[in-house]
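The values are calculated or read from the model by the stated rules, or taken from the named source; none is laboratory data. Keep in mind the model is a prediction, meaning the values are calculated, not measured. Cβ coordinates were reconstructed from backbone atoms using ideal geometry, including for glycine residues, and neighbour counts include every protein chain displayed. For accessibility, only protein heavy atoms count, side chains too; no ligands or nucleic acids. Shrake-Rupley method; radii C 1.70, N 1.55, O 1.52, S 1.80 Å.
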Amino acid sequence: TSLAKVAEACGCENVVECNAKDTLAAVKAALAGKKMTIIVSKCRAGNIKVPVIDMDAPVIRDRFMREVARRNA
């Protein structure tokens, strides 16, 4: 299943599919475009060993959004 095609079928107008290495550029372009954008970043399956995150989802989201805003300022 193509997540990009699913997003388009759901009515998302700005859908970008990119390789993992191009994700940063895609995020920067999406932020600069000031339109809702769905980014499908293609990467290899699997996870690296990292510690368990002991924060709930809203806290993680808020921290992420603050960091994106800070870097985009």
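When 48, 39 are checked against the criterion of being at pLDDT 90 or above and outside any helix (DSSP H, G or I), a single residue qualifies: 39.
How about region 51-73: which of its residues are open to solvent by 90 Å² or more (accessible area, probe 1.4 Å), at pLDDT below 90 and not in a loop (DSSP other than H, G, I, E, B)? Of everything in region 51-73, those that are open to solvent by 90 Å² or more (accessible area, probe 1.4 Å), at pLDDT below 90 and not in a loop (DSSP other than H, G, I, E, B) turn out to be 70, 71. When region 1-13 is examined, which residues are found to be open to solvent by less than 100 Å² (accessible area, probe 1.4 Å) and acidic (Asp, Glu)? Residue satisfying the conditions is 8 alone. Among residues of region 5-29 that are within 17 Å of residue 43 (Cβ to Cβ) and of a type in the set (D, E, K, R), those with a Cβ under 8 angstrom from a residue that is assigned to a helix (DSSP H, G or I) and open to solvent by less than 50 Å² (accessible area, probe 1.4 Å), sequence gap 6+ or separate chain, pair up as 17/4.
Applying a threshold of 8 Å to beta carbon distances and a minimum spacing of six or more residues, or different chains, the list of pairs starting in region 59-70 at a residue that is of a type in the set (A, V, I, L, M) and ending at one that is open to solvent by 100 Å² or more (accessible area, probe 1.4 Å) and not in a helix (DSSP H, G or I) reads 60/53.
Note on region 19-62: residues that are over 27 Å from residue 4 (Cβ atoms) and among the basic types (Lys, Arg) total 1. Summed over region 37-50, the residues that are open to solvent by 100 Å² or more (accessible area, probe 1.4 Å) and of a type outside the set (A, V, I, L, M, F, W, C) give a count of 4. Can you say whether residue 34 is open to solvent by 60 Å² or more (accessible area, probe 1.4 Å) and under 16 Å from the mean Cα position of the chain (by Cα), as far as the supplied structure shows? Criteria met by residue 34.
Please work out which residue is least open to solvent (accessible area, probe 1.4 Å), limiting yourself to region 14-29 and to residues that are touching a Ser or Thr at 6+ places or on another chain (Cβ under 9 Å) and of a type in the set (D, E, K, R). Walk me through it before giving the result.
First, the residues of region 14-29 that are touching a Ser or Thr at 6+ places or on another chain (Cβ under 9 Å): 14-20, 22-23, 26-27, 29.
Next, from what is left, pick out any that are of a type in the set (D, E, K, R): 17, 22.
Details: 17: 98, 22: 60 Å².
Among those that are touching a Ser or Thr at 6+ places or on another chain (Cβ under 9 Å) and of a type in the set (D, E, K, R), it is 22.
Considering only region 14-36, state which residues are out of contact with any helix residue (DSSP H, G or I) (no Cβ under 9 Å at 6 or more places or on another chain) and in a strand (DSSP E or B). Step through it out loud before you land on a result.
Step one: list which residues in region 14-36 are out of contact with any helix residue (DSSP H, G or I) (no Cβ under 9 Å at 6 or more places or on another chain), which gives 19-26, 29-30, 33-35.
19, the sole residue that qualifies.
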